[in-house]
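What follows is a short report on a single structure.
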Amino acid sequence: ERVGVVWVGHDDNRPTGLTGATGALRVWADMMRRLPAGSWHPETPPGVEWARVNADANRVVPDFCDDAQRLPFIEGSLPARMNQCQPGPDNRAKP
């Protein structure tokens, strides 16, 4: 919901003696510090679905598998499903 852009310089492009870190960054940081903190939770666009996928096997796996990543897919393009996790000590059913 917010975008912050800062440019510091002279209109005629004369040197200011500042760098990004000594000029614009300080202004930007002060501006951002004054804004209320909050988390960003983007909405999933229409036509996109999420699934937990084991990257090594390229398969959708159960939610309790630790060897998986949650990834977005275009609806209808999910990889095949595996009904178990890849072998490993961290991949056991959670109570």
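Every read-out reported here was derived from the displayed coordinates using simple, explicitly stated rules and does not represent laboratory data. The shown structure was predicted, so the numbers you read here are calculated from the model rather than taken from an experiment. Cβ: placed from backbone, ideal geometry, glycine included. Neighbour counts: every protein chain shown.
Checking each residue in region 58-85 for being out of contact with any Lys or Arg (no Cβ under 9 Å at 6 or more places or on another chain) and either among the aliphatic types (A, V, I, L, M) or part of a strand (DSSP E or B) (or both) picks out Pro72, Phe73, Ile74, Leu78.
Being of a type outside the set (Phe, Trp, Tyr), more than 17 Å from the chain's Cα centre (by Cα) and under 30 Å from Pro72 (Cα atoms) is a property that Pro15 lacks. Pairs linking a residue in region 52-78 that is surrounded by 11 or more Cβ atoms within 10 Å (Cβ to Cβ) to a residue that is assigned to a loop (DSSP other than H, G, I, E, B) and basic (Lys, Arg), with Cβ atoms under 7 Å and 6 or more positions apart or on different chains, are Phe64/Lys94. Report, by residue number, each residue of region 5-34 that is of a type outside the set (Asp, Glu) and loosely packed, with under 10 Cβ neighbours inside 10 Å. Scanning region 5-34 gives Val5, Trp7, His10, Asn13, Arg14, Pro15, Gly17, Ala21, Arg33, Arg34.
Restricting region 68-88 to residues that are within 19 Å of the chain's Cα centre (by Cα) and not hydrophobic (A, V, I, L, M, F, W, C), the residue that is farthest from Glu1 (Cα to Cα) is Gln69. Give the residues of region 1-52 that are part of a loop (DSSP other than H, G, I, E, B) and in contact with a Lys or Arg (Cβ under 8 Å, 6 or more places away or on another chain), sorted by residue number. The answer is Leu35, and nothing else.
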